[in-house]
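Notes for the one structure printed next.
The values are calculated or read from the model by the stated rules, or taken from the named source; none is laboratory data. These figures come from a predicted structure and were not determined experimentally. Every residue, glycine among them, receives a Cβ derived from its backbone with ideal geometry; neighbour counts consider all protein chains shown.
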Amino acid sequence: MNQSVIDSCAAFLTLLIAVVEVDGTRMSRDSSYDQFVCRIWLTRVALWSLLTMSTYGILVTAFERYFAVIHPIWYNVSTIG
């Protein structure tokens, strides 16, 4: 469920980035909106964070499944107790 939510948010943010164009020629340092656009939107920090979380989520799931197959007795004992 967590992986689906992260991937959905990343897909939605990718769509927004593709559709919304920001003109950065008339930005001021005093405006909080302009600061947000400059520091968050144009650098795409949120998108890269979601993509990184998605990658780490898949990696953790792969390790969990690997240990379930390679060490089934230890895995069953550790998940039950």
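So which helices (runs of 4 or more DSSP H) stay within the chain end to end and still have 3 or more residues that are in contact (Cβ under 8 Å) with a residue 24 or more places away in the chain and not hydroxyl-bearing (Ser, Thr, Tyr)?
Numbers: elements: 2-19, 32-36, 45-70, 72-80.
In the chain, 2-19, 45-70 are the helices (runs of 4 or more DSSP H) which contain 3 or more residues that are in contact (Cβ under 8 Å) with a residue 24 or more places away in the chain and not hydroxyl-bearing (Ser, Thr, Tyr).
Test residue 42 against the stated conditions and say whether it is surrounded by 11 or more Cβ atoms within 10 Å (Cβ to Cβ), among the hydrophobic types (A, V, I, L, M, F, W, C) and at pLDDT below 85.
So residue 42 passes the test.
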